[in-house]
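First up is the structure itself, then whatever we jot down about it.
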Amino acid sequence: MVFIGMDHGTTGISFCLMSQNGEIIDIFKIDREDSKSGKVSALEELSKRVDLSSVKLMAITYAMGDGFNKILPIEKVEDRGILSINGAGKVTGGGTSVFSELENSDIPTIMIPGLHKNSTSLSKLFNAAYSHQASPEKVSISYNAFKETGWKNYIVADISSNSVDILIEDSKIKGAMDACIGAMGIVHGPIDLEMIRDIDEGRRTANECFSHAGAIKIAGVDGKVANMKDQLLENYMNGDEKAKLAIDTLIMTVAMEIAGLDIVCENDIDGIVLTGSVGSATEPFNFEDEINKYFKNKYELKVISKESGAIGAAQIAQAVYNGEDNILGIEVDFN
């Protein structure tokens, strides 16, 4: 008996294969460009690692996930569960190829929704303030954080190509701050006044601004999304002052966002969960230590795997298969 989770990430599509007792069988990632070109098949890669007939349920995330608000079988989700692919960062088509392959497979599959204005599980204040709060993998990340800690009131800081922080209160997701309005990530970040002027004056599109508003903006790094983090960190290790300023600024904005979510939580926070390729980093800087310079040991900090999106999706698949009717407040319709 096997469960699979898929994380539709910015730099690639990650899969976690998990046994009935919760042990991880394998985690692997497919490059977006390899998927789009047909060089790599998701089903072939899965079949190399497990007998597909033994898969009881797979849970997947895709794009913004703003076209539905319940965890549903893939056949019940229209238009791949999205209202539009526009304005969502760089589009390569690799994720679409994987989705189509899985959709046409015989593997029983559910889809996890994003957090948005039509999400009935969230605080009405967050829904009133923001049309979109987080993409579906943030739900699976939050669930993995819950399974790892057992906490009921916590904040998840997912720091990688973009940064999204999620508030969970009384074991329900209350709200989140999306990358385009809050903290910086490596690549994506909030659109500020200078960018609004560039957009209005036709120099750049809003999506181009969003896709260059993270730490790379400060460090002067550009190129393929998959390569920009490595280039930034290499510059950092080589003592580049702009790279250090970029990382320090990113950490500051994440700290501000976490502190803001703490303020609107009616309960005391059990702790902060750090994840993502940057949030879980120990080299060339220790993200936990660096952000704790702002918190001054106020919070208990817990670092989980940077693959928490895929792991959490597999855990959701197992929970739904075993009859769970809601995940962190999100309704499950698996009939």
Any idea what the alpha-carbon Rg over 2.2 N^0.38 Å comes to for the range 132-226? 1.24
Total formal charge among the other residues, if their Cβ is under 14 angstrom from that of Thr275, Lys/Arg +1 and Asp/Glu -1: -3
Considering Cα pairs under 8 angstrom that are at least six residues apart, work out the relative contact order of the chain and quote it in whole percent. 21
Could you identify which residue out of Ile199, Ile173, Ile110 has the top mean-square fluctuation in a GNM of the chain using Cα springs shorter than 10 Å? Ile199
Of the options Thr11, Val77, Asn207, report the single residue whose Cα projects farthest towards the positive end of the charge dipole of the chain (beta-carbon charges: Lys, Arg +1; Asp, Glu -1). Asn207
In the range 165-201, which GluC sites (Glu not before Pro) fall in coil by DSSP and have 11 or fewer other Cβ atoms within 10 Å? Glu201
Using the Cβ atoms and a cut-off under 15 Å, what net charge is assigned to the surroundings of Leu17, where Lys and Arg are +1 and Asp and Glu are -1? -3
Give the percent of DSSP beta bridges with both residues in the range 154-303 that are antiparallel, rounded to the nearest 5. 60
Say the dipole of the chain comes from +1 at the beta carbon of Lys and Arg and -1 at that of Asp and Glu; which of Thr253, Thr109, Gly329 then lies farthest toward its positive end? Thr253
What is the distance, in nm, between label points placed 7 Å from the Cα along the Cα-to-Cβ direction at Asn227 and at Glu23? 4.1
Can you give me the distance in nm between label points at Asn238 and Tyr294, each placed 7 Å from the Cα along the Cα-to-Cβ direction? 2.8
Given labels modelled 7 Å from the Cα in the Cβ direction, how far is it in nm from Ala128 to Glu266? 1.5
Relative contact order (%) - criterion: Cα under 8 Å, at least six apart; region: the range 154-303: 26
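Values quoted throughout were computed directly from the atomic coordinates according to the rules given, and no laboratory measurement underlies them. This one's a predicted model, so the numbers in the text were calculated from it and none came from an experiment. With ideal geometry, Cβ positions are generated from the backbone for all residues, glycine too; neighbour counts draw on all protein chains shown.
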